[in-house]
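Okay, so here's the structure we're looking at.
The values are calculated or read from the model by the stated rules, or taken from the named source; none is laboratory data. All values derive from a computational prediction rather than experimental measurement. FYI the Cβ positions are ideal-geometry reconstructions off the backbone, even for glycines, and counts take in every protein chain you see. Heads up: the accessible areas ignore ligands, DNA and RNA and are worked out on the full protein's heavy atoms, side chains in. Shrake-Rupley method; radii C 1.70, N 1.55, O 1.52, S 1.80 Å.
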Amino acid sequence: MKLERSVRSFYGAYQIGTTEVSRILLHGVTIHGQEFLATENQSLPGSYYAKGSPISNVFDHTRPNAKVAIVGLGAGEIGTYSQPEQDWTFYEIDPLMVDIAKRNFRHLANMPRPAAIVVGDGRLKVAESTQIYDLIVIDAFSSDAIPLHLLTIEALQNVFLPHLSKEGTIAYHITNQYVDLEGPLERLATATGLDGLVKHDRPLNSEILPFGTATDWVVLTRSPAINHALRGDGWQSMKEGTIAWSDDFTNLYGSLKRNVKKES
């Protein structure tokens, strides 16, 4: 990788560099987005967001005029799925990440309709919002995994569900090396009466970043139609967890992956 920019904020160190085919964003040692260098391919998503990936399936079944909230900005790569009549809002805790997404990548600029960007902790800022969303995507990371305060029963019941439409869906990006988050999220689904599904995507060319990397996603949805449609895309019922995490209790040790190997 040829390094283009290296910066640091309170939330960590970021590096932006180029390979032969793409520009990539690193937070610590973890890749958090990319962009093709070839002009004709800059509107295409790659890495965790590639066409045919789990989150691609979710957007395939999202209404063309949906209101969409994305908690976590990264390079803005997920914005390649936005449609002209959709209303998108990104929630990003780090102002430096906003600068990176605007200065070093083109995804935000290429969106057919400009997205709103709210700077601050996603849990707090969504709670303050007056919006009701059809899709909420939890794509925030602290280096390798979602911050725990976004995975608790209080976050779901008191913040995200009150801002979710009657047929809405919440998607969690749970790709990481060390912690299995499927079980805790299954308990959240059960506790709130939502349909929970998971998809573990392992592309044959998973070592080639631009063409899609191994990735794991969970959806919790109020919509039987979305449940049915995603099952048709290969999504499955979630394995049963042991306890729903709360603001007062999480069990990282009990959720550690066994036989860890690098997948992302």
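At a 1.4 Å probe radius, carbon and sulfur cover how many percent of the accessible area of the chain?
Numbers: 6190 of 11930 Å².
Carbon-and-sulfur percentage of accessible area, whole number: 52.
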TODO: Round to the nearest 0.05 the FRET efficiency obtained for Glu167 and Ser237 when R0 = 25 Å and r is the Cβ-Cβ distance.
DONE: 0.80
TODO: Enter the angle in degrees (range 0 to 90, nearest 10) between the Cα long axis of helix 182-192 and the first principal axis of the Cα atoms of the chain, meaning the one along which they spread out most.
DONE: 50 degrees
Open item on the list: Tell me the per residue accessible area of segment 15-146 using a 1.4 Å probe; a whole number in Å² is fine.
Closed with: 39 Å²
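Given contacts defined as C-alpha pairs under 8 Å and at least six residues apart, what's the relative contact order of the chain, whole-number percent?
Working: 554 pairs, mean separation 45.6, N = 264.
After rounding, I find 17 percent.
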- [ ] With +1 on each Lys and Arg Cβ and -1 on each Asp and Glu Cβ, and nothing else charged, work out how big the dipole of the chain is about its Cα centre, in Debye to the nearest 20.
- [x] 300 debye
Task: Sparse-neighbour loop sites [GluC sites (Glu not before Pro); segment 1-108; at most 11 other C-beta within 10 Å; DSSP] - done: Glu20, Glu85
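Once R0 is set to 25 Å, what does the formula 1/(1 + (r/R0)^6) return for the Cβ-Cβ distance between Gln177 and Thr39, expressed as a FRET efficiency to the nearest 0.05?
Numbers: r = 34 Å, r/R0 = 1.35.
FRET efficiency, Gln177 to Thr39: 0.15.
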